[in-house]
1. Under the rule of -39500 (n - 2.57) per DSSP H run of 4 or more residues, summed and divided by the residues of the chain, what mean residue ellipticity at 222 nm is obtained, to the nearest 500 deg cm²/dmol?
2. What does the charge count near Val111 come to, summing +1 for each Lys or Arg and -1 for each Asp or Glu among other residues with Cβ under 15 Å from its Cβ?
3. Can you compute log10 of I(q)/I(0) for region 50-164 with the Debye formula, treating each Cα as one identical point scatterer, at q = 0.11, 0.12, 0.15 Å⁻¹?
4. Kirkwood Rh over Cα pairs of region 3-81 into Stokes-Einstein at 20 °C, 1.002 mPa s: D in µm²/s?
5. How long are the three semi-axes of the equivalent ellipsoid for region 197-248, computed from the Cα gyration tensor as the root of 5 times each eigenvalue, in whole Å, largest first?
6. In terms of the Cα gyration tensor, with a ≥ b ≥ c the square roots of its eigenvalues, is the chain rounded because a/c is under 1.5, prolate because a/b exceeds b/c, or oblate?
7. Using only the heavy atoms of the protein chains and a 1.4 Å probe, how would Ser323, Ser84 rank by accessible area, largest first?
8. Find the centroid of the Cα atoms in region 211-229 and in region 110-143, then give the distance between the two in whole Å.
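The values are calculated or read from the model by the stated rules, or taken from the named source; none is laboratory data. These numbers were taken from a predicted model, which means no experiment stands behind them. Here the Cβ positions follow ideal geometry from the backbone for every residue, glycine too, while neighbour counts run over all protein chains shown. Accessible surface areas use protein heavy atoms only, side chains included; no ligands, DNA or RNA. Shrake-Rupley method; radii C 1.70, N 1.55, O 1.52, S 1.80 Å.
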Amino acid sequence: MISAVVMTAPDAPLEVRAFERPELEPGGVLVRTLGSEVCGTDAHLWKGQLAGVPYPIIPGHVSVGQVAELGPAGPTADVARDVSGAPLQVGQIVTFLDVYGTCGRCWYCTVGHATTRCPSRKVYGVTLSADDGLLGGWSEYIYLRPGVHVVPLPAELDWRAFLAGGCGMPTALHAVTLGEIAFGDTVVVQGAGPVGLCAAVLAQLRGAGSVIVVGGPEVRLDAATRFGADAVIDIGSTTPEERLAAVRDATQGRGADVTIEATGVPGAVPEGMRLTRDAGRYVVVGQYTDAGDATFNPHLDLNQKHLEIRGCWGSDVGHVYRSVQVMARYGRQFPWTELISREYGLDSAQAALEDVAAQRVVKALIVPAR
């Protein structure tokens, strides 16, 4: 039998349940879980803030594991392959795109090139039910159905290092790309969670002249400083007016060239618009759930400023693949594993979830074999 954590309903205590070892379909892959991140999304799931979740679920949508078993090739299914087209091998260390089941035929898949909007998409650890099997990362094993996009980790990238970025790194890579950060730009990052911290790192790698992180609590701002932020501003000890003045003072009165919102707090959006200079770029990536409304003045905050705003929702397999390459290449410059505050076993997943929800940690991992 295989043990896995189950979230039965919003606000309900997590449970550890036993599951049968799955029978693999042609092209399927069984992965022995090495680790799975505890993401802010998991806290949203626990609070019931996402629609369409088929509770009970096995949480954990970004994970790393070792290939334990490969399904047979069938008359309509090839052997399981990675995103480069190479056949997977037992023993390989891999991650995978959590989005599964995009149709490849709808307008969003074919014309819009926005597979995250495909109406057929499902997400491991989020919108796949535990009643259907081992389809989340907080488990001893994960079953990757045929068609899941699998990305091998290179030998020089420790699996813990990859999970230290976790969901935050591909999401931040998407946001930073949309921000079109240029050499010498001043970049403000709102939010010091995993997405914000990864965005601050990637802004440096894209040539930013200065990176300012606005957020909290102290444990996360300390991490931002260790990972190269030029300045941090604690939202717990400043007012919006003071934060605006600090950014203006650092930019000769103009404001940031590029601002990236990674907070999940609606009120951060109009503030971020005001932190950004005239004709600057503002990328909103943190509003993953409906946390309420925010107001702004369309004339003063948007039109008169010639402000360019881009919404960023999730990531695709290209962002995951590129995240792996970036983290492997720059591992000496950025010791990713320092972002991991604590590892938890399956039996302490409840404590991990509560610590992440309360922002007591920078990054938490579920490690089944711990």
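1. Numbers: 10 runs with 92 residues, N = 370.
About -7000 deg cm²/dmol.
2. On the way: positive: Arg105, Arg117; negative: none.
Its environment carries a net charge of +2.
3. Cα-only, vacuum Debye calculation for region 50-164: -0.39, -0.47, -0.74.
4. Values: Rh = 14.5 Å.
This corresponds to a translational diffusion coefficient of 148 µm²/s.
5. Numbers: eigenvalues 74, 38, 9 Å².
Sorted largest first and rounded, they come to 19, 14, 7 Å.
6. Values: a/c = 1.80, a/b = 1.69, b/c = 1.07.
Prolate.
7. Values: Ser323 0, Ser84 90 Å².
The residues order as Ser84, Ser323, largest area first.
8. Centre-to-centre distance over Cα atoms comes out at 32 Å.
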